[in-house]
Amino acid sequence: MTHPFHARLERLEQLAHRMDTAIRIPVIGLRVGYDSVIGLIPGIGDVLTLAPSAFIIWEAKRMGTPAHLIGRMAANTGIDAAIGAIPLIGDLFDAGFKANRRNVAILRRHLEEKGAVPTGQPRYA
């Protein structure tokens, strides 16, 4: 059985991994991504990280994700952006909330339920 969205979903999972968990901080073992690092740039860092987040949501919409799930994804991104904009506290929140990973997990569950991707653990879990 072919799964029409499998390759696209894997690319989005890779993007979410890079943005939220690509870097392991030694000693404490916390995983952060480029979202946390770029977010440290005053003024524009948090704005720059919205582009990959918006792309994930846009792709989910293109793959037929229902409006209520797109709304949840947008809320995750909005919460991440709003709290992430607060200096220091926002950066700490960003490291733990991982909105992109949450959003791709929502998309994966939806596509698995539709039978559009194989069920199972994503490679970047």
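The values are calculated or read from the model by the stated rules, or taken from the named source; none is laboratory data. For clarity, every value in this text was computed on a predicted model and none was experimentally measured. So basically every Cβ, Gly included, is an ideal-geometry build from the backbone, and we count neighbours across all protein chains shown. The area values use the complete protein model at the heavy-atom level, side chains included, leaving out ligands, DNA and RNA. Shrake-Rupley method; radii C 1.70, N 1.55, O 1.52, S 1.80 Å.
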Checklist line | Subset of the stretch 86-125 [aliphatic (A, V, I, L, M), within 14 Å of Asp46 (Cβ to Cβ) and within 17 Å of the chain's Cα centre (by Cα)] | finding: Leu92, Ala95, Ala99
Notebook entry, point to check: Name the pairs: first residue in the stretch 100-121 and free of Cβ contacts under 8 Å to residues at least 12 places away in the same chain, second residue assigned to a helix (DSSP H, G or I) and of a type in the set (D, E, K, R), Cβ to Cβ under 6 Å, at least 6 apart or on different chains?
Noted result: Thr119/Glu112
Check: Name the residues in the stretch 1-24 that are open to solvent by less than 30 Å² (accessible area, probe 1.4 Å) and assigned to a loop (DSSP other than H, G, I, E, B), would you?
Finding: Thr21
Note to self: under 19 Å from Arg31 (Cα atoms) and either surrounded by fewer than 17 Cβ atoms within 10 Å (Cβ to Cβ) or not hydrophobic (A, V, I, L, M, F, W, C) (or both): which single residue out of Pro118, Pro122 fits that description?
What the structure shows: Pro122
Notebook entry, point to check: What number of residues in the stretch 28-82 are modelled with pLDDT under 95 and polar (S, T, N, Q)?
Noted result: 2
Note to self: Given the condition in contact (Cβ under 8 Å) with a residue 60 or more places away in the chain and buried (at least 20 other Cβ atoms within 10 Å of the Cβ), answer yes or no: does some residue in the stretch 51-71 qualify?
What the structure shows: no
Check: From Ala99, Ala82, Ala95, Ala105, which residue is closer than 16 Å to Met19 by Cα and open to solvent by 20 Å² or more (accessible area, probe 1.4 Å)?
Finding: Ala105
